[in-house]
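One structure is given here, and the rest of the page talks about it.
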Amino acid sequence: MRPAGVGAYLPAGIAMKAPATKADLLGLLPDELVLFLRGLGQPRYRAGQLFSWLHRGAAFDEMTDLPKLLRSRLAELASAGTLRAEAQETAPDGAAKLALRATDEHLVETVLLPHGRRTTVCVSSQIGCAYQCRFCATGRQGLVRSLTAGEIVEQVVRVQQACHPTRVTNVVFMGMGEPLANYHAVVKAVRLLNHSGGLHIGARHIAVSTCGLPDGIRRLASEGLQVALAISLHAATDDVRSQLVPANRKHPIAEVVSAARAYAERTGRKIAFQYVVVPGLNDTPDQARRLAALTHGLPCIVNLIPCNPLSNSEPTDPRSAGRFAHLLRARGIAVAIRRSRGAEVLGACGQLRSRLIGQKDAGRAEARPAKAR
Ligand code: SAH
């Protein structure tokens, strides 16, 4: 059936021409804006003005130092961001989750996490995810599509607007999706967020989290960026890790850790290993011993995350992270236990979107502690 609208009045057999998609200027670096504006007969300096407005979340008609005619021309030809706020939930601890609706009607999740002097935004890099990690709500949704650089940056811009005058200081790619499977858009988003003419978030305050794609890790090491790398390790042996992270069957632990070593060497940055504790499975003395051997000589920290269960079948024990931390510290490993936060906002990966699109697991996840950051 043809949708209602102009197309509904066209004779059968004549396809309705899709409206030309507008360029999303939020996804363009200043040099690219220079070219875009040159096409409109505009001088170079306008690019800096436009970039600054875009990254403050302004609409074209609010860009008061641009000529009126240019503003209306821009509104005809381009967009200043594309996401619409759909839902926001705020937890008593200040954590907030935003659901943003993309132009193709899909939902994008973004989380704001205030902690002391830092304010972190957790962004999504994809809608859904192809990697199906066992405890992850996003994996259950499958991969819908990757986000554009503009859509990634816009999540931070929207949160920055919402939490003004507090400044966003950190960005972590720990929302929906696998950032290294959307490599170009993610790296471009990092450059956009980092740019001094916009939000100017230090690369060292941006963390990319991956389920462990060695080629992507090595490539990221060569970008000349200082971004932090988090690797969702979750186990120290291939048999256990493959049960939690199916990607491990293709990219076993040895390859992942070797890429992590290359990253640490090249960038001089410590690696953060994310480790969701699944009692009885990955918190045994044997796993602790193997983890010590794996990370020997590698500058790293292991972040233990109490599992935020998606179903009643997943075992939980609030004390297990503490016990495992003890085992790791005894072997000289630097460990942090990540506080569970934002239970009320369904802080774990994909859970708000799951609920909004009515998937079965979300309701059960609601009452549980959320993912730690
Ligand atoms: N795909 C990337 C980034 C998204 S997930 C990655 O795998 O790293 C971000 C982090 O949240 C990962 O460490 C992931 O393992 C963790 N996570 C996902 N679901 C969780 C849950 N239910 N409880 C606790 N942590 C979870």
Original post:
Do we have any residue at all in the stretch 272-279 that's surrounded by fewer than 17 Cβ atoms within 10 Å (Cβ to Cβ) and either within 16 Å of the ligand (Cβ to nearest atom) or part of a loop (DSSP other than H, G, I, E, B) (or both)?
Top reply: no
Original post:
Filtering the stretch 72-105 down to residues that are assigned to a strand (DSSP E or B) and without any contact (Cβ under 8 Å) to a residue 40 or more places away in the chain, which residue is farthest from residue 126 (Cα to Cα)?
Top reply: 84
**OP:** Hey, could you check the stretch 34-55 for residues that are in a helix (DSSP H, G or I), farther than 15 Å from residue 65 by Cβ and without any contact (Cβ under 8 Å) to a residue 40 or more places away in the chain and say which is least open to solvent (accessible area, probe 1.4 Å)?
**Re:** 34
Original post:
Name the residues in the stretch 23-67 that are more than 29 Å from the chain's Cα centre (by Cα) and small (Gly, Ala, Ser), would you?
Top reply: 39, 41
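For the stretch 109-128, state whether one or more residues are touching a His at 6+ places or on another chain (Cβ under 6 Å) and either in a strand (DSSP E or B) or open to solvent by less than 30 Å² (accessible area, probe 1.4 Å) (or both).
yes
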Original post:
With respect to residue 48, is the statement that it is in contact with a Pro (Cβ under 8 Å, 6 or more places away or on another chain), modelled with pLDDT of 95 or more and not assigned by TED's automatic domain parsing to the domain that holds residue 181 true?
Top reply: yes
Original post:
What are the residues in the stretch 138-148 that are assigned to a helix (DSSP H, G or I) and open to solvent by less than 10 Å² (accessible area, probe 1.4 Å), if any?
Top reply: 138, 139
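The values are calculated or read from the model by the stated rules, or taken from the named source; none is laboratory data. No experiment lies behind these values; they were computed from the predicted model shown. Positions of Cβ are backbone-derived with ideal geometry, glycine not excepted, and every protein chain shown enters the neighbour counts. Side chains included, ligands, DNA and RNA excluded: accessible areas come from the protein's heavy atoms. Shrake-Rupley method; radii C 1.70, N 1.55, O 1.52, S 1.80 Å.
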